[in-house]
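Reviewing the structure listed below.
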Amino acid sequence: MVTIPEQLPFITPLHTSWYQPYVLTADMLRLDAIHPVVSGNKWYKLKHNIADAVARGCDFILTFGGPYSNHLVATAAAAKAFNIKSVGVVRGINNPSNKLTPTLQTCIDYGMSLVHVAKSDFDNVDANELIKSIGMEAERAFEIPMGGANESGRVGCEDIAAYIEAKYTHVCVAVGTGTTLAGIRNALPVEQTVLGYAPMKKGEYLNDEIRVFLNPDKKESFTIFDNWHGGGFGKWTNHLISFMNTFYKTNQIPLDIVYTGKMMLGILEQLKAGYFPVDAKILCIHTGGLQGNVSVGEQLIY
Ligand SMILES: *Cc1c(COP(=O)(O)O)cnc(C)c1O
């Protein structure tokens, strides 16, 4: 039996001391709570993809990611739940003297076969050749792009809007490929402001990538901020770690180091700088990703 999500998303109010006197309300939509591994937005991006793979009678799902990829491990767990095999193409050669990352070990535990590809080849890897090299048939594969960034992924993310009440004036979400933001933006009324927080340097390129997938009346109705990358994708500062620990003490909500930690730090700085109108009602989306916190070691208090 398929048991994803294990729990439906819910809303947790943030502690008033976190957002007063700057705005009326700030709540968090807890997509992180839906499953320990297929967490947050990843499930919404995968659900139609995996259903399609099963419906088409494919033998296995092929997808791609780095050694700490939330998408890779979510795909491994979701594929297992749907009783379909999975193959993960991993960025970076696995040095036998190095242990696998906990993320990749979990992928294997869920039955995913991993193929490691040198970083320099990863972007141009020939999927057909690669499938042949592991003795599988390319015609039997269902390929999901890195990060679940395809039309089925965007459509799946439209369902997240069902948890966003009309009372919220501002909806904040972390952005990687922009698939989640695009789905949410298309599904929400244009009156609701959608803000995206990019965890990488020069994230403004996402504006053009996302706009392509937005409905005609929504094309200009979103804003991407890239001021809180903290040194680049997957990088972090001591300031970010101590912010995340303080956020946990105040709100009892664990954030992830790659996406939601940077977003919430950005929102706090925007609150203090008076970016939001005082009558704003903010909904921050917790997109999950907590498994990736293993890369930080012991510095987080949760
Ligand atoms: C993958 C991920 C994102 C980015 O989602 P996109 O749809 O690629 O923009 C945001 N937050 C978390 C926690 C993620 O794991």
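The values are calculated or read from the model by the stated rules, or taken from the named source; none is laboratory data. Because the structure is a prediction, the values reported are computed rather than measured. With ideal geometry, Cβ positions are generated from the backbone for all residues, glycine too; neighbour counts draw on all protein chains shown. We work out accessible area using only protein heavy atoms, side chains counted, and drop any ligands, DNA or RNA first. Shrake-Rupley method; radii C 1.70, N 1.55, O 1.52, S 1.80 Å.
Remarks
- Shape box of the range 38-177 [Cα atoms, principal axes, largest first, Å]: 53, 34, 28
- Separation in nanometres of the label points that stand 7 Å from Cα toward Cβ, at Gln20 and Asp279: 2.0
- Using alpha carbons only, the radius of gyration of the chain set against its Kirkwood radius gives Rg/Rh = 0.97.
- Taking each residue as 0.36 nm, the span from Thr3 to Ser295 lengthens on full extension beyond its C-alpha to C-alpha distance by 102.4 nm.
- Basic side chains Lys and Arg get +1 at the Cβ, acidic Asp and Glu get -1 at the Cβ, and with that the dipole of the chain about its Cα centre reaches some 460 debye.
- Lysines whose Cα lies under 29 Å from that of Lys272, excluding same-chain neighbours fewer than 8 positions away: Lys167, Lys201, Lys202, Lys218, Lys219, Lys235, Lys249, Lys262, Lys281
- Among Val54, Val171, Val38: highest mean-square fluctuation, GNM of the chain, C-alpha pairs under 10 Å: Val54
- Segments 198-205, 233-240 sorted - mean Cβ within 10 Å per residue, highest first: 198-205, 233-240
- Simple spin-label estimate for Ile93 and Asp126 in nanometres, 7 Å along Cα-Cβ: 1.9
- For the range 240-302, the solvent-accessible area works out to 37 Å² per residue, with a probe of 1.4 Å and every protein chain left in place.
- When you count the other C-beta atoms within 10 angstrom of each residue and take the mean per peptide, 113-123, 244-254, 22-32 line up highest first as 22-32, 244-254, 113-123.
- Hypothetical label at Asn83: residues of the range 96-121 whose amide nitrogen lies under 18 Å (7 Å Cα-Cβ projection): 111-112
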